[in-house]
Protein chains: 4
Amino acid sequence: MMWRRTIDPGLGEKYNSRTKRLINKDGSFNIVKLGRELRLYDAYQYLKNISVGRLSFLLLCFYLFINSLFALLYLWCGVENLHGIEPGLPPFLNAFFFSVQTFTTVGYGVLAPHGMATNLVVTLESFMGWVGFAIITGVVFSRFAKPHVRILYSNNAIIAPHEGGKSLQFRLANKRNSVLLEMEARVMLMVQDTNFSRHYYNLKLEQSSLYFFPLSWTIMHHIDEESPLYNVTPKELEEKRAEVLVLIKGYDEAYGQTVHSRFSYRFNEILWDVRFKEVYNSDTRGEIVLDLLKLHETEPVSEPAL
Amino acid sequence: MMWRRTIDPGLGEKYNSRTKRLINKDGSFNIVKLGRELRLYDAYQYLKNISVGRLSFLLLCFYLFINSLFALLYLWCGVENLHGIEPGLPPFLNAFFFSVQTFTTVGYGVLAPHGMATNLVVTLESFMGWVGFAIITGVVFSRFAKPHVRILYSNNAIIAPHEGGKSLQFRLANKRNSVLLEMEARVMLMVQDTNFSRHYYNLKLEQSSLYFFPLSWTIMHHIDEESPLYNVTPKELEEKRAEVLVLIKGYDEAYGQTVHSRFSYRFNEILWDVRFKEVYNSDTRGEIVLDLLKLHETEPVSEPAL
Amino acid sequence: MMWRRTIDPGLGEKYNSRTKRLINKDGSFNIVKLGRELRLYDAYQYLKNISVGRLSFLLLCFYLFINSLFALLYLWCGVENLHGIEPGLPPFLNAFFFSVQTFTTVGYGVLAPHGMATNLVVTLESFMGWVGFAIITGVVFSRFAKPHVRILYSNNAIIAPHEGGKSLQFRLANKRNSVLLEMEARVMLMVQDTNFSRHYYNLKLEQSSLYFFPLSWTIMHHIDEESPLYNVTPKELEEKRAEVLVLIKGYDEAYGQTVHSRFSYRFNEILWDVRFKEVYNSDTRGEIVLDLLKLHETEPVSEPAL
Amino acid sequence: MMWRRTIDPGLGEKYNSRTKRLINKDGSFNIVKLGRELRLYDAYQYLKNISVGRLSFLLLCFYLFINSLFALLYLWCGVENLHGIEPGLPPFLNAFFFSVQTFTTVGYGVLAPHGMATNLVVTLESFMGWVGFAIITGVVFSRFAKPHVRILYSNNAIIAPHEGGKSLQFRLANKRNSVLLEMEARVMLMVQDTNFSRHYYNLKLEQSSLYFFPLSWTIMHHIDEESPLYNVTPKELEEKRAEVLVLIKGYDEAYGQTVHSRFSYRFNEILWDVRFKEVYNSDTRGEIVLDLLKLHETEPVSEPAL
C-alpha cells in the first residue's frame, strides 16, 4: 500500500507500544493526563456533565451533610440556646430541623436562636444558604445552557460496492429534536506501523457538508486509486490496527452555537460486502418518516469483495 | 427544461410518494422522527419555546400540584403534627397552606411542624423548593438568553418583469427592534419528478448578502438562460410541485450570535406578473419610515408574462 | 467626480427627500419602523439595555406597586383575616407590610394570614414572588452576560496630507478594560444626488484589520485616483450631504463573542488640513501609556489643502 | 540582518524609550490606559475574574457590611420598635441579627418589626435582599459560564538544530480536562531599533493548526533564509530586545466558544542548543500518557550552534 501521508492531527505519531483505540465510543480521547491541576472549576464541570439522577442525589447528600454539620454546631453552642425545641425528639434532630429551616430560609420561628453564639452561627448559615443557592442555580442553568447534541452513529461502518468500485460508508442522525444546520464532516484513517508509529490520512468524501440535518446522513468515501484504502483487505486493516476517525461539526439552532461530535470505527467494526437498508421514506399520507431504530440495519450484497 | 442539478441539501432525493411541503411556514421541517429518545432535556426545550402565557399556566399548575402532593403527605403524617391549624378550614387546606408556606420558604410559623415525620417531610419540601427554584430560574433565563429573531417574509413570492427579462422576487424585514447585521441569503428550488424523486437547484441571487438590515430586503433571482426557472410556466411549476426554499442567516447584535431563519414558497404561493409596492421612503421631515404592514402588497404590471 | 458605485449595504437608494444622518452617534439607525409587534420580549430588551440607576428605580417601583396591589387584595379579603396587625397603623399599611413579608418570603409570622380567602391570596403572592424573583435574576444576569463593548471614536474625521497625497483619517480606542482582538474595519462613503438618491462607496483602507487593540487605532483611507474622494472639496461634500459610515468588528475575549460597533462622520464633522496629535507613548520607566482624553486632539498642518 | 517587515499588529511602532515586555506571562498587555471610564460593569468584571477565595471573602464582607448598616438604621428607628429582643445582648447585636434574618428572608419572627419607620426599613431591606441575591446569582453564574481555558506553555522557547538547519520551538498543553479543538497558532517576532522603534515579523510555522489538542503541541519555526532569525546570534536578540509573541486560538467544546491565549518569550527566555525531552508516550498496557510536569524539560544537544 502506497499511501500519501497527512500531518499529525494532534494525536501523536511516535509511540513505544500498541495502544488502545484513540477515540472512545463517547467521543472522548483515550489519553491519560498527569500533572493536571485540580480546581473547583473541575468540580463544576463534573456537576455540569453528570446525569440528572446523580446530580439530584449529590445535591441531596450535600443538603443533608451541610445541615448535619450546622446541627452539630448548634449543639456545640448549647441546645438550651434553641428556643422551642420539642422534648420528644433528640437534641440532634431538633438542631437539624432548625438548621434546615435556617439554611433554606423557611424560618418558621417556633424554633428560634438565642444568645450570641447561636445567632452568629445562624448568620453564617444564612449566608451559606444565600451563596449556596446562587451556586446551585448556576449549576442547574449551566446544564441547560450547554448544547446537548447527540449524534447517533451507525454501529458499523461498511465497505460496499459503489458505482463500479467500492466505498467506505457509515451513517448518522440527530437523536434529538433540535435543529442542526450547516453540517460538516471530516474523516481520517489512522494506521500503525510495525514499529508502533502512527500515520494519519484524510479520506476524501463524496459530500462533506450538508445544509440541513433533519434526516439521516450517509457519509461516503469512494475508494479510488488515490485512497489509502485502495485494494486493502480486512486482514491488512487488522494488522495495521486501522481506526477510522470521524469529526462532525454543525450549528445548533436552539443555542446559536457550533457543536462538535467525534466517533471512530476500528478495523473490527467495519463490515464488508453489505449495504445499508433504507432508513427514511414517505408514507401514503405524504409524511416523510425517519426511523432511528433502522439506522444500524444492513443487508448483504451479492457482489463479492474485490 | 434542462436543469443543472445541485447536491442534496439534506432533505432526501428518493421517495415513494408525493409529499407535503418540505419547510413549514414556521421554519420547521415536515419530517417525522421515530425512535427518538425522550429526555428531561426535551421537557426543558419545550418550556423554553412555548408562549409566556402557557409557561405561566404550567408553572402555576406545577405549583398547585406539588403543594397538593405535600399537603397529602402532611395529612398522612397526621394533621395533629401541624401546630396552629385553623379549625374553621378543612385539614387538607390547612396542610396545603402550610405546604405553600414551606415550599416558597415564607414560613410564617403560625402553622409549624411537629414530630419527626412531619419535620422530615418539611426537610424534603424545603429541599425541593430550593432546587425547584433554581430550575425555574434556569428556564426563565434560558428564554431570555435565546435570540428571538423574527423575520417577516412577504406572503407571496412573485415572478415579475425585470431588466428586460423576468425575475423571481420576495422580500423580508426584521419584525423586531433588534439590530441584525451581515445578512446572507440562499435560495433553492425543489422539484419532484413523476417517480417522486426530488431535485434541488441553487438559485443565483442579484445580491446575496447585506451589511445592515434596518429596512426591508428584496431578494431577486434573475431568470436567465442558466436558471432552472427559464421559460417555465405556472402549470409546469404545479406539475413538479415546485417549492422555493429560503435560508436566511445573520448576526444578532443583542446576543452576539448568528441566527438562522427558514421559509418556503410553494408553487401556489408564487404570483405572476405583479410587482411589489414601495415599503419604505423618506417623509417631509427627513425621517425614513418602513411600514411592515405594506410588505405583502403587490400591484399588477401591464407587461404580459412571456 | 467619477465614482465607482458599490451595492446598497441595506440602507436604501431611492428616496423622496433629503434625510437626516443615517447612523446616529450611538450607532443606531435613523429609521422609523411601523407595524412592529410589541412583545414581552421588547420589555425584556428594554430592561437589559437601560442604565443601572433607571433599572433600580423601575424595580423599586414594581416592588412597591405589586405590594400595594396585594395589600388592597388583603384588605378586600378583610383586615380581620390578618392576625397580629398593629392597631397604631392604618389597615392599608398593615396589609402592605404583610404583603412585603410574603412576597419576599421573609414571613416573620407576627403578621399571619387567617381564613381561606387570605390564604389563597398568600398562595398566589408567594407564587408570584417565586416567579418574579426568577425573572429579576434573569434580567440582572442578562445584563452581565451581554458584551458591553464601548468604542471611543475621535470626534472628527480629518483629511490630512499623507505620503505626498491626502488621506481621510479617524481614530478609535477601547474605552473599557476588556481585551478586544482580531479587529476589522469597513468604511463606506454615502452621498446623495440632487434627486435624493443615495449612493454608497467602499473606501479602501491602508490597514483594515488588527490582531490586538490595547492602544488606539488610526484608520486611514489614502485618497488616490481610485478614491471617490479624489479632488473633492469641502463644499462638494456638503452639497452631496456626504456621510462616512464606519463599521468595526472584533472579538471580545471576556465573552468569547464577536462584537460590532457603528459610527458615522457627516460632512460637517470632517476637518481639513489638520493632523492628529500623539495619543500614546512610552514614559521614562518603560511604561507604555495611552491617554484616551487626547484621542480627539488635532493640530493644524502647514501644507494647504489642494 | 535584512528582515521583511510586517504591519503593526496593534501594539505601536514609534516610541520614545525602551519599554518593558509587551505581553505579560498571564497574557495581559503591558499598557496603561488613562482617561478610562470606571463603571459598575468594571466591578462586575473584577468579581468575575478574581479567585474563589477572594470572591467568598468579599461576599462575606459585603454581607456583614450591609447587615451592620441596616442594624444602625434599625437602632436609629428605635430599638423599642423591635419586638422580642434579647435583653442579654447589646442593642446593636439584636438589630444586627434581626437584619440578617430580614436580608436573607429567614424571618423567624421572634424578632419582629413594629411601627411604621422600622417596617419601612424592613421593606427596603427585603427589596435589597431580593435584588442583591439576583446579582450574586448573576456573578456566580458568570464565573461558570466563562470558558476557563488554561494553556500551559513551556518556560522557555528553544533554538535547536532541526533538519539540517535550526528551528525556534516551544510547546504547550491544555492544563485543564476540557476538550480543545481546531487550534490555530500565530507567532510574531518583535524587535526594537536603536531609536526605540519597534518592528514586527510573522514567523512561518511548520504546522500552524491542529484538529485535536489532547496531547502537547510543539510549535516549530524553521529558521531558513527567509526567516528574520536567519544567522542571528543570542547577542543580537538581546541588543534588539527581541520578544517572541505567541497567539493561540481554539474551540472549547464545553462552552461552544472560541478561546484565545497569549504568551511571549523575551530574548533571555530563549535557550540555545537544547532540545525538548519527550512529554508523552504509550505504556505497556497500551495507555497513552501525557505528563504535564515534563513539559518544560530540555536536554543539551551535541551539535554546536552555528
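The values are calculated or read from the model by the stated rules, or taken from the named source; none is laboratory data. In this text the structure is predicted, and so the values were computed from the model without any measurement. Every residue, glycine among them, receives a Cβ derived from its backbone with ideal geometry; neighbour counts consider all protein chains shown. The accessibility values were calculated without ligands, DNA or RNA, using every heavy atom of the protein model including side chains. Shrake-Rupley method; radii C 1.70, N 1.55, O 1.52, S 1.80 Å.
Side notes on the structure shown:
- Against the list (1) touching a strand residue (DSSP E or B) at 6+ places or on another chain (Cβ under 6 Å); (2) within 11 Å of another protein chain (Cβ to nearest Cβ); (3) open to solvent by less than 10 Å² (accessible area, probe 1.4 Å), the condition B:GLY286 fails is (1).
- A count restricted to the stretch A:19-46 and to residues that are among the aliphatic types (A, V, I, L, M) and open to solvent by less than 60 Å² (accessible area, probe 1.4 Å) stands at 5.
- Taking the criterion of being more than 8 Å from chain C (Cβ to nearest Cβ) and outside any loop (DSSP other than H, G, I, E, B), the only residue of the stretch D:102-115 that qualifies is D:PHE103.
- The residues on offer are D:LEU89, D:LEU55, D:LEU59, D:LEU93, and the sole one that is part of a helix (DSSP H, G or I), more than 29 Å from C:LEU293 (Cβ to Cβ) and without any contact (Cβ under 8 Å) to a residue 60 or more places away in the chain is D:LEU93.
- Hits in the stretch C:215-232 - residues which are over 21 Å from the mean Cα position of the chain (by Cα), in a loop (DSSP other than H, G, I, E, B) and either within 14 Å of chain D (Cβ to nearest Cβ) or not polar (S, T, N, Q) (or both): C:LEU215, C:ILE223, C:ASP224, C:GLU225, C:GLU226, C:PRO228, C:LEU229, C:TYR230, C:VAL232
- Across the stretch A:255-273, the qualifying residues are those that are assigned to a helix (DSSP H, G or I) and of a type outside the set (Phe, Trp, Tyr), and the one among them that is surrounded by the most Cβ atoms within 10 Å (Cβ to Cβ) is A:GLU269.
- Yes/no for A:LEU205 being in a loop (DSSP other than H, G, I, E, B) and within 28 Å of B:LEU247 (Cα to Cα): yes
- Evaluation of C:THR118 against (1) more than 24 Å from A:THR102 (Cβ to Cβ); (2) modelled with pLDDT of 85 or more; (3) facing chain B (nearest Cβ under 7 Å) (one fails), failing number: (3)
Residues checked against (1) closer than 25 Å to B:PHE133 by Cβ; (2) under 21 Å from the mean Cα position of the chain (by Cα):
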residue	(1), (2)
B:LEU40	yes, yes
B:TYR46	yes, yes
B:PHE57	yes, yes
B:CYS77	yes, no
B:ASN81	no, no
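- Test: residue in the stretch A:250-257 that is away from chain D (no Cβ under 14 Å) and farther than 18 Å from A:PHE170 by Cβ: no
- Of all residues making up the stretch C:29-51, the number that are in contact with an Asp or Glu (Cβ under 9 Å, 6 or more places away or on another chain) and more than 8 Å from chain B (Cβ to nearest Cβ): 0
- Residue count for the stretch C:121-154, restricted to those that are more than 10 Å from chain B (Cβ to nearest Cβ), without any contact (Cβ under 8 Å) to a residue 12 or more places away in the chain and aliphatic (A, V, I, L, M): 0
- Test result for B:ALA157, modelled with pLDDT of 95 or more, among the small types (Gly, Ala, Ser) and open to solvent by less than 40 Å² (accessible area, probe 1.4 Å): yes
- A:ARG150 among the basic types (Lys, Arg) and touching a Leu at 6+ places or on another chain (Cβ under 9 Å): no
- Some residue of the stretch B:62-77 being closer than 22 Å to D:THR104 by Cα, within 8 Å of chain C (Cβ to nearest Cβ) and open to solvent by less than 50 Å² (accessible area, probe 1.4 Å): no
- One residue stands out among those in the stretch D:175-212 that are among the aromatic types (Phe, Trp, Tyr) and either surrounded by fewer than 21 Cβ atoms within 10 Å (Cβ to Cβ) or closer than 30 Å to D:LYS14 by Cα (or both): the one that is farthest from the chain's Cα centre (by Cα), which is D:PHE196.
- Number of the condition not met by A:PRO9 [criteria: (1) touching an Asp or Glu at 6+ places or on another chain (Cβ under 6 Å); (2) surrounded by 14 or more Cβ atoms within 10 Å (Cβ to Cβ)]: (1)
- Matching residues, the stretch D:157-202, being part of a loop (DSSP other than H, G, I, E, B), without any contact (Cβ under 8 Å) to a residue 60 or more places away in the chain and of a type outside the set (Lys, Arg): D:GLU163, D:GLY164, D:ASN177, D:ASP193, D:THR194, D:ASN195
- Test: residue in the stretch A:128-143 that is surrounded by fewer than 21 Cβ atoms within 10 Å (Cβ to Cβ) and touching a Pro at 6+ places or on another chain (Cβ under 8 Å): no
- Single residue of A:GLU225, A:GLU182, A:GLU243, A:GLU236 found to be in contact with a helix residue (DSSP H, G or I) (Cβ under 8 Å, 6 or more places away or on another chain) and charged (D, E, K, R): A:GLU243
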